Structures are given as structure tokens and as C-alpha cells.
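Please read the structure below before turning to the comments.
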Amino acid sequence: MDSEHLFCLFCGCPVPKHYDTFREENLNFSKGRPQFVPSDDENFHKRDEITIQLVDCPNCRNVSIDIIGKGRQFRNRIMNFNPISLAKSYPNYIPLTIREDYEEAHAILNLSPKASATLSRRCLQGMIRDFWQVSKRSLSDEIEAINDLVDPSTRKVLDALRKIGNIGAHPEKDINLIVDIEPLEAHKLLKFIELLMQKWYIERHDNETLLQDILDMDTNKQSQRKPKNS
Ligand SMILES: [Zn+2]
């Protein structure tokens with residue numbers, strides 16, 4: 001939730017930011033102790049804080065609640081308290097294994113962003129294999145195979161997601177080299193998966209439905225036509 005625009009996490013409706021619709025509370029261990037100045041390393045963690053944000057949606061009457069971490073210990077951590085998961089529920093025409101990987105990647109987003117990124121990578125591979133009917137030795141080869149079928153910007157991001165997902169999937173050769181993935185970063189990968197779900201599966205389904213509707217309409221109209229001289 002940025003400072004300018006608030007959105008309801010349930011219905012997606014924009015929510016005006018004023019006293020009746022938005023509340024924010026900060027909590028830390030120096031709160032209420034104005035004389036407390038954490039100076040040494042031992043006490044510095046007392047400055048780490050959480051911010052709780054509540055948005056009351058006038059449209060659907062649900063209250064969205066996020067808990068946002070600040071400071072050394074909770075840095076970059078966002079927890080969705082209500083709704084508990086931001087995972088969208090996708091229709092049955094998207095294969096179950098793909099939906100499960102996506103939902104699981106959402107569920108462990110804060111607990112283990114690295115594992116979440118690995119699941120996003122697996123979800124992506126499942127989507128490429130199912131949607132484009134491509135199956136190669138590696139995900140890298142599969143992305144290469146659909147090179148001409150997707151737009152150049154999507155292709156670049158596919159490759160980036162593959163590489164970021166590799167961080168969790170394969171340990172670095174140099175064990176002293178640790179690359180961390182933050183929850184916000186893993187969340188962005190999931191947003192990209194959502195974009196592909198929309199661009200590939202949902203658009204294809206909607207287009208097919210529209211075409212079928214027109215064909216059905218034509219059949220229907222033809223059957224209603226009466227012979228001219230009757
Ligand atoms: Zn709402």
C-alpha cells in the first residue's frame with residue numbers, strides 16, 4: 001500500500017485514504033519510552049518495528065490488514081494477515097499441478113522466499129510445457145524453444161525468473177557465496193506468473209469462448225430462418 005493509493009485486497013477497489021478507511025500503527029520496544037535511545041549494538045534491535053495497516057473497504061466491507069516489518073530483523077517482510085494469502089484462485093482449465101505450485105509459492109512467501117522463488121520457477125516450467133507443448137532437457141532450452149512465440153520483453157523476464165529460481169534450486173558452487181531473496185522480490189516473481197496466467201491461459205480461454213459463442217449464435221440464427229415463401 002503506497003501513500004497515494006490504497007486498494008482493497010479483497011475486491012481490488014480503490015479506497016480513499018482518510019480516517020474512516022485507513023489506520024496505521026507502529027510498534028516497537030522503544031515506543032512509549034521517549035528517553036530511550038538505543039545507542040549500543042545490544043539495544044539497537046529495540047528499534048526494529050512492525051507497522052500494521054488496516055484498510056476498510058467501503059465497497060465490499062472487508063478489512064484488509066498488512067503487517068510490514070522495518071529494521072534489521074524484519075526488514076522487507078510483509079505479512080498478509082487478512083486475507084491470509086494473496087493467491088488468486090484460478091479456473092479449472094489451468095492444470096491442477098500448475099495451480100498448486102502457484103498457491104504453494106504464495107503460502108511460503110514470507111517463511112521462505114527462496115523456496116517460493118524455486119516453486120515459481122517450477123510453475124513457469126509447467127506452464128511452458130503445458131501451454132506451448134514444449135518439453136526439453138532444461139528450462140533454459142524450453143525458453144529458447146518458445147523464443148519466437150512470445151514477445152521480446154516477456155522472453156527476457158522468463159530467463160530472469162529461471163535464473164532467480166535457480167538460486168533456491170541449486171546451491172552455489174562456492175558455499176561461501178550466499179544470495180538471498182527477499183519476500184518482496186519473490187512476490188514480484190509471483191506477479192509475473194499471474195501476468196502469464198492471464199496472457200496465456202485466460203486470454204486463450206476467453207477468445208475461444210467468444211468464437212464459440214459467435215458460431216453458436218450463427219447456428220441458432222440459421223435454424224430460425226424461415227423459408228421466404230412460407
Ligand atoms: Zn473491497
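Points worth noting:
- Scan of the range 40-99 for residues that are over 18 Å from P14 (Cβ atoms) and among the basic types (K, R), ordered by number: K46, R47, K70, R72, R75, R77, K88, R99
- Pairing each residue of the range 19-39 that is part of a loop (DSSP other than H, G, I, E, B) with any residue that is modelled with pLDDT under 70, provided the two are 6+ apart or on different chains, yields C-beta distances under 6 Å for S30/F36; P38/F44.
- Residue in the range 145-153 that is part of a helix (DSSP H, G or I), in contact (Cβ under 8 Å) with a residue 12 or more places away in the chain, open to solvent by less than 40 Å² (accessible area, probe 1.4 Å) and in the same structural domain as E100 (by TED's automatic domain parsing) present: no
- The range 95-114 - residue that is of a type outside the set (S, T, N, Q) and touching an Asp or Glu at 6+ places or on another chain (Cβ under 9 Å) and, of those, nearest to R75 (Cα to Cα): P113
The values are calculated or read from the model by the stated rules, or taken from the named source; none is laboratory data. Keep in mind the model is a prediction, meaning the values are calculated, not measured. All Cβ positions, glycine included, derive from the backbone under ideal geometry; neighbour counts span all protein chains shown. These area figures cover heavy atoms from the full protein model, side chains too; ligands, DNA and RNA do not enter into them. Shrake-Rupley method; radii C 1.70, N 1.55, O 1.52, S 1.80 Å.
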